[in-house]
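A quick write-up on the structure given underneath.
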Amino acid sequence: MRIMSLRVTPVARVLAIIYGVLGFAYVPTLLLVGAKQMTLPIGIVGPLVFLSLNLHFALPTHFVTGVLSAAGASVCYTVTGWLTGAAAVLAFNFVARRIGGIDASVLTSSSPAIKGGPTDSL
């Protein structure tokens, strides 16, 4: 079996969720390590690729601003995750079309047949 292309939206959505969850933990982590400021990227971030707008903010000093900063970081990282996932899928699709697809194998696990299930009538 050969993978010829992937759909952009599902992969971008998964990366957006992962980045968003990790982005929410970003502000408390900065506070624990004693950083002087926080930098929030909006754009495409990956190994060897860094096409993003970096927003620099002071660390929060109050609980309410900390919660708002964590929510803002989560939104920025969610957008960055979606853009990065979409760019990765577009790059994969471009390369896969040029080389005729990527070899893949499917691993399945066998489950015991249930009596009276849809396969009994076959």
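Taken together, the values in this text are just the output of simple stated rules run on the coordinates, not laboratory data. Computed from a predicted structure; not experimentally measured. With ideal geometry, Cβ positions are generated from the backbone for all residues, glycine too; neighbour counts draw on all protein chains shown.
A few remarks follow.
- Options 72, 48, 37, ranked by Cα towards positive dipole end of the chain, top entry (Cβ charges): 48
- Remark: the Cα gyration tensor places the chain in the oblate category, a/c being 1.5 or greater and a/b not exceeding b/c.
- Taken as entire DSSP H runs, the helices of the chain that both span 27 Å or more between Cα atoms along their own long axis and average -1.0 or more on the Kyte-Doolittle scale are 63-99.
- Using the Cβ-Cβ distance between residue 59 and residue 25 with R0 set to 22 Å, the FRET efficiency from 1/(1 + (r/R0)^6) comes to roughly 0.90.
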